[in-house]
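The block underneath contains the structure these notes are about, expressed in structure tokens.
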Amino acid sequence: KVWQESAISCHNRLRGFSMWPQTYLWLQVGDREPTKVKVTETRVVVNNTTTAEPTNVVQLGPTKQSGLYVVCFDGSILELIQVQPATRKAFPARDFQNGYPGETIRWIKPPDENELNE
């Protein structure tokens, strides 16, 4: 189950699957329908001073150059640098959040997996 992996494991999975079959993440903005987003570039945030609490909320990083931060189950942080929503070109992940000012973005399990687990 990918949502139970560390940031390093997710980053390595993305690098391994970058050509095929590629890596996707389901994001839900506020109460809108979930959006399938291809993740094209990530980085593991190495910060020895802070431990993050696991959450499904995706947030902007602390600097203007930062992407979107995804906190993994073990508290490690995966930074999404570049994403590509369906029918669009790839763009900086930070711009995804900028398109929804004031709204909460959450990563969710794929909708078909939620149905299987119920």
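The values are calculated or read from the model by the stated rules, or taken from the named source; none is laboratory data. Fair warning: this is a prediction, and the values are worked out from it, not measured in the lab. Counting neighbours? That spans all protein chains shown, and the Cβs are built from the backbone with ideal geometry, glycine included.
Some observations on this one:
- In segment 22-41 there is no residue matching the filter, namely being assigned to a loop (DSSP other than H, G, I, E, B), out of contact with any strand residue (DSSP E or B) (no Cβ under 8 Å at 6 or more places or on another chain) and either surrounded by 14 or more Cβ atoms within 10 Å (Cβ to Cβ) or modelled with pLDDT under 90 (or both).
- Residues of segment 82-96 that turn out to be among the polar types (S, T, N, Q) and out of contact with any Lys or Arg (no Cβ under 7 Å at 6 or more places or on another chain), as a count: 2
The rows are residues; the columns are (1) polar (S, T, N, Q); (2) at pLDDT 95 or above; (3) more than 15 Å from the chain's Cα centre (by Cα); (4) buried (at least 17 other Cβ atoms within 10 Å of the Cβ).
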| site | (1), (2), (3), (4) |
| --- | --- |
| 5 | no, no, no, yes |
| 11 | no, no, no, yes |
| 59 | yes, no, no, no |
| 112 | no, no, yes, no |
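- Residue 104 vs. criteria among the hydroxyl-bearing types (Ser, Thr, Tyr) and closer than 22 Å to residue 31 by Cβ: yes
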